[in-house]
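Peer 1: Take a look at this one; I'll ask things after.
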Amino acid sequence: STQSTWVILVAPKGSGLTVRTHFLEGRGINASFAIHQDYTGRARDRVLATAMGIGCGHAFETTFEQEVSSDLTGERCVLMGMLQGAFKAQYDVLRAHGHSPSEAYNETIEEALCSLYPLVQQQGMDWMYANCSTTAQRGALDWAPKFEAALKPVIEECYQSVIRGDEARRSISLNSEPDYRVKLEAELAAVADQEMWVAGRALRPLRPENQKK
């Protein structure tokens, strides 16, 4: 009977690869958890044990509905889709104005990933701002509200598409096509072949930690 079943959820906040590598490193990764049906009164113990078992360091409670709407929006926006779009937009503007691929990549992606984003991860955006030059601080503080105003309507459009079920239906429909894997690989290859990521593949080996000793 479906009534004599736990319906629980643990959703790690990262890719499967990250969950595994963090687990092997003893670091863990945060996760959300939800309980939709608890027929024994012990579902909370079971769901938290599952979270701890995959190396979760912090688990926060949500619902199935809230997890879906926040997760799908995040993936399409700041976490993945918007990140790629923002990187490419800035890279293309710099290239259009005569900057070299190396310079455009470093000023758009390399500095973000290797220098600035780790500071945000450590203690927040204000910490990153506080540890940058005064010109960087002033520019970021002035321009952040403009980007917020420009992006918020797009994120709202995405959120509405998620809660209507449009995003889930599209994913299920496309993922069910017999040639989905072939089409997906072609889409990923198109991203990999963008000049900025070609530049990245050439430049990453030049990082000090990647130099052969």
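Peer 1: In the range 13-138, what percent of the accessible surface is made up of carbon and sulfur (1.4 Å probe, ligands and nucleic acids excluded)?
Peer 2: Heavy-atom surface of the range 13-138 belonging to carbon and sulfur, 1.4 Å probe: 57 percent.
Peer 1: May I pose another question? I need the Kirkwood Rh of the chain: take the reciprocal of the average 1/r across all distinct C-alpha pairs and report it in angstrom.
Peer 2: 20.7
Peer 1: Follow-up. For the chain, what's the relative contact order in percent, using C-alpha pairs closer than 8 Å and at least 6 residues apart?
Peer 2: 15 percent.
Peer 1: Here's a follow-up. Which percent, nearest 5, of DSSP beta bridges in the chain are antiparallel?
Peer 2: Antiparallel bridges: around 65 percent, rounded to the nearest 5.
Peer 1: Per residue, how large is the accessible surface of the range 101-213? Use a 1.4 angstrom probe and give square angstrom.
Peer 2: 73
Peer 1: Here is a further query. Pop the C-beta distance of LEU113 and TRP6 into the FRET formula with R0 = 35 Å and round what comes out to the nearest 0.05.
Peer 2: 0.30
Peer 1: How large is the Rg to Rh ratio of the range 1-57 when both quantities use alpha carbon positions and Rh follows Kirkwood?
Peer 2: Reported Rg/Rh (Cα atoms, Kirkwood Rh): 1.07.
Peer 1: I would also like to ask the following. Given the options VAL191, LEU203, SER173, identify the residue whose Cα lies farthest towards the positive end of the charge dipole of the range 162-213 (+1 on Cβ of Lys, Arg; -1 on Cβ of Asp, Glu).
Peer 2: LEU203
The values are calculated or read from the model by the stated rules, or taken from the named source; none is laboratory data. These numbers come from a predicted model, not from an experiment. Note that each Cβ is placed from the backbone with ideal geometry, even for glycine, and that neighbours are counted across all protein chains shown. When the accessible area is computed, the model is the full protein with side chains, heavy atoms only, and any ligands, DNA or RNA have been set aside. Shrake-Rupley method; radii C 1.70, N 1.55, O 1.52, S 1.80 Å.
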